[in-house]
Amino acid sequence: MTSSKARIQRKAQANAPAHVKRKALAAPLSHELREQYGVRSARVCKGDTVAVLRGDEDVRGTEGKVIEVFTKTGRVSVEGVTINQADGTAVARAVHASNLVITKLNAEDPWRVDSISKNKEGRQ
């Protein structure tokens, strides 16, 4: 970002192209995964298990699977993280990807695991 003004930063983030918004969905890996794959962070995908590091006291420390990823806003819906509406019904609460840590990767996509592993090979 080139501007120090908050509204211009928000506008730039909202109007950013998809390949830039994709990078905003990255979250740090846990220490075990960091040693295994040799990278610090990865993009959050549906099916990953994450822990919430930041947020309200009722949300912080919660660990669950990623239900949905909102690329437009850079937020993620996590299993077990809900907020009550005015009528009392619980609705999934979106958490920003930077406030999460990935504890277990969804290894269903072999291309994803391969691309993360390639980064480790390139560093050696």
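Remarks
- The calculated 222 nm mean residue ellipticity attributable to helices in the chain amounts to -8000 deg cm²/dmol, summing -39500 (n - 2.57) over DSSP H runs of n ≥ 4 and dividing by all residues.
- Sorted peptide list for 26-37, 11-22, 42-53, criterion being average Cβ within 10 angstrom, highest first: 42-53, 26-37, 11-22
- Only lysine pairs 8 or more places apart or on separate chains count here, and in segment 35-124 those with Cα atoms under 19 Å apart total 6.
- DSSP bridge orientation in the chain - percent antiparallel, rounded to nearest 5: 95
- Per-selection Kirkwood Rh - the chain (Cα, Å, 1 d.p.): 15.7
- Amide hydrogen neighbours beyond the local backbone of LYS104, cut-off 5 Å, H modeled: THR49
- Dipole of segment 51-124 computed with +1 at Lys/Arg Cβ and -1 at Asp/Glu Cβ about the Cα centre; of ALA90, VAL113, VAL101, farthest Cα towards the positive end is VAL113.
- Under the Karplus curve 6.51 cos²θ - 1.76 cosθ + 1.60, θ = phi - 60°, whole-Hz ³J(HN,Hα) for segment 72-86, x wherever Gly or Pro sits: 5, 9, x, 10, 9, 9, 10, 4, x, 9, 10, 9, 8, 7, 4
Read-outs: derived from the displayed coordinates by stated rules, not from any lab. Since the structure is predicted, the reported quantities are computational estimates derived from the model, not experimental observations. Every residue, glycine among them, receives a Cβ derived from its backbone with ideal geometry; neighbour counts consider all protein chains shown.
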